[in-house]
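Just below is one structure, and these are the notes that go with it.
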Amino acid sequence: MEFIDLKKQYRLYQEELEEAALRVLRSGRYILGPEVKELEEKLASFVGTKYAIGTSSGTDALLLILKALELGPQDAVITTPFTFVATAEVIRRVGARVIFADIDPETFLLTPETVSEALEKARQKGYQVRAVVAVSLFGLPAYLPELETFCDREGLWLIEDACQSLGAECAGRRSGSFGVASATSFFPAKPLGAYGDAGMVFTDDEGLAQKIKALRVHGQTERYLHQHQGLNARLDTLQAALLLVKFKHFSRELELRQEVAKRYRELLKDLPVEFQQVPEECYSVYAQFTLRVTKRDELANFLSEKGIPTAIHYPRPLHLQPAFEDLGYAQGELREAERLAQEVISLPMHPFLSKEDQEKIAAAIAAFYQEAL
Ligand SMILES: Cc1ncc(COP(=O)(O)O)c(C=O)c1O
């Protein structure tokens, strides 16, 4: 059993994918070829923003947004400690201070309340907070309308880290369409995955879109004219062509993800596990199917012995990572994030997970708790 079965997915679309790759190889247009523009247009329309800019990764998409907003050493940015490291890493890359806010234990996400608390403390310490990066973790974009209102009121930019949530929705709007701009990732294991690294920025702001387009090609606005200090952060034509093929099947895959998640909820409902709560107005794409459990590490070992792969997203919250040590956070300061880090476990999750495999996983979890409790 695979945690995410990318080989199975490849076999399903093999002919179309190989045709698309060959077309690019034969075309000679490897950098910013027509497939990049086509993908940008299709995804902007899918997400519901005016602009989409293809990038070399989700990390670079986030970095480009922060650079385009000109955030720097004089600024502070609030984010969650319960995320993949890239979210906070890019804030430091532009020299800004990272302020971690705690999360809601049921949705695992920042809320206006936890952000407000962190904002107040940061302002008391004299930090100039300019933005909030909210992560739609495991595919769930909850609280974004409320965070948008909150950020507007406080004069902050809201940026959505939608690296795990392309296709998800909240209050009738797609993930990627909230705030000033958002970033997604096409890392192979993401809901819409490429065959290598790739990402995208979404925004409605024309000025920001133009600047990000320039920043991804060394700040170049016209040939030989470098208006900004940029970087090389373009989306490869080859990846765009492969993503266009996968995007054709994306809606169907999202439906299959819902079915798999629904079946997990049904199979596990009487067991001593807690699910990530999906508020009524939200639609998660279940980039991960993550549970809160007791005896997490023992459960992971038990499942592994039975040939069931699991993953821990994330075993150490960012405020307790060595790379962020200098920020001075102590153990116990962000309790919910710390508790989650001890209790979460992600189960195999992909659109092609069979009913039989899910039944096997549920039976193994039941057997573990029968013995353990
Ligand atoms: C929440 C989050 N932010 C940022 C990233 C960075 O994306 P990438 O791996 O494409 O650089 C990822 C994915 O890896 C992610 O899960």
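The values are calculated or read from the model by the stated rules, or taken from the named source; none is laboratory data. In this text, all values refer to a predicted model and were calculated from it rather than measured experimentally. Because the Cβ atoms are built from the backbone with ideal geometry, glycine has one as well, and the counts that use them run over all protein chains shown. Surface areas here come from the heavy atoms of the whole protein model, side chains and all, with no ligands, DNA or RNA. Shrake-Rupley method; radii C 1.70, N 1.55, O 1.52, S 1.80 Å.
Here are a few things to note about the model shown:
- Loop-located trypsin sites (Lys or Arg not before Pro) in the stretch 91-131 (DSSP state not H, G, I, E or B) with no more than 16 neighbouring Cβ atoms inside 10 Å: K125.
- Percent accessible area from carbon and sulfur atoms, the stretch 6-248, protein chains only, probe 1.4 Å: 48 percent
- Reduced Cα scattering model of the stretch 250-372, Debye log10 I(q)/I(0), q = 0.09 Å⁻¹: -0.30
- Along the chain, the longest continuous region that contains none of the chymotrypsin sites (Phe, Trp or Tyr not before Pro) in a DSSP loop with at most 12 other C-beta atoms within 10 Å is 31-223.
- Solvent exposure of the stretch 1-130, expressed per residue, is 47 Å² of accessible area, with all protein chains present and a 1.4 angstrom probe.
- Charge dipole (the chain, unit charges on Cβ, about Cα centre) - positive-most of S177, S116, F202: F202
- Residue-averaged 222 nm ellipticity for the chain, from DSSP H runs of 4+ at -39500 (n - 2.57), nearest 500: -13500 deg cm²/dmol
- Using 0.36 nm per residue and subtracting the Cα-Cα separation, the extra length available between R11 and R93 on full extension is 25.7 nm.
- R174 accessible area, assembled protein chains, probe 1.4 Å, Å²: 60 Å²
- Spin-label model distance (nm) - L327 vs N301, 7 Å beyond Cα toward Cβ: 3.2 nm
- Computed with a 1.4 Å probe on the full set of protein chains, the accessible area for T114 sits at about 30 Å².
- Measuring max minus min along each principal axis, the C-alpha atoms of the chain give extents of 68, 59, 36 Å (largest first).
- Here is the tail figure for the stretch 37-90: Cα pairs spaced more than 14 Å apart come to 63 percent of all pairs.
- Between E259 and E41, residue separation times 0.36 nm minus the direct Cα-Cα distance comes to 75.6 nm.
- Among V47, V278, V133: highest mean-square fluctuation, GNM of the chain, C-alpha pairs under 10 Å: V278
- Förster-model FRET efficiency, 45 Å R0, E281 and Y224, C-beta, rounded to 0.05: 0.35
- Note that the stretch 102-200 carries a Kirkwood radius of 14.0 Å, evaluated over its alpha carbons pair by pair.
- Note on the stretch 250-372: with charges restricted to the Cβ of Lys and Arg (+1) and Asp and Glu (-1), its dipole about the Cα centre is near 260 debye.
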